[in-house]
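Notes follow the structure.
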Amino acid sequence: MPEQKTRLIGILVLALAGIVAQHPVVKNYLHHWKPGLKFAAKAALAARKQGKFEALHHGLLAARGQHSESSVLTIARQVGLDVERLKQDMEDPAIEDALKRTRALAKELYITGTPALVLGDEVIAGVPAIPTLERLIAKARES
């Protein structure tokens, strides 16, 4: 029998920039991060067009401190992105649409922190250990 596919959705820090900053507990704490995070999220999504989403995402997560437009573009250059093309790609309306859809999904599922995973009908906060994730995937495939 062919292996059944199971959809696993990851909600990451960069994709949730808007919804996390709206949460009452963290609103004041993250207020100063919101513009930089949104720019970083747009850059990460646009990096897909150059096949560098993962490289930029990891570079952004590894960087210390707050993200500014300048720091995001510096990291983009360091991971091998054509920064001028990246800036153009970031203007694609599909990028903003993807962020809006992600924030709407997170809000609908009451996800207020990252990372979070959605597996079947279950929302998993944080990053589960691989054996736990494998068990959850197996359980989702059974139902």
Cα Rg, Dmax (largest Cα-Cα span) when computed across the stretch 58-143, Å: 17.1, 47
Order these peptides, 102-112, 44-54, by their mean beta-carbon neighbour count within 10 angstrom, highest first. 44-54, 102-112
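Quick one: which of Lys52/Lys87; Lys107/Lys139; Lys42/Lys87 span more than 19 angstrom between C-alpha atoms?
Working: Lys52/Lys87 14 Å; Lys107/Lys139 25 Å; Lys42/Lys87 9 Å.
Beyond 19 Å: Lys107/Lys139.
Given R₀ = 41 Å, what would the calculated FRET efficiency be for Ala129 paired with Gln78, taking r from the Cβ atoms and rounding to 0.05?
Values: r = 31 Å, r/R0 = 0.75.
It comes out at approximately 0.85.
Read-outs throughout are calculated quantities, based only on the coordinates presented, and are distinct from any laboratory measurement. All figures in this text were calculated on a predicted structure; none of them were measured in a lab. Here Cβ is always computed from backbone atoms with ideal geometry, including for glycine, and neighbour counts include all displayed protein chains.
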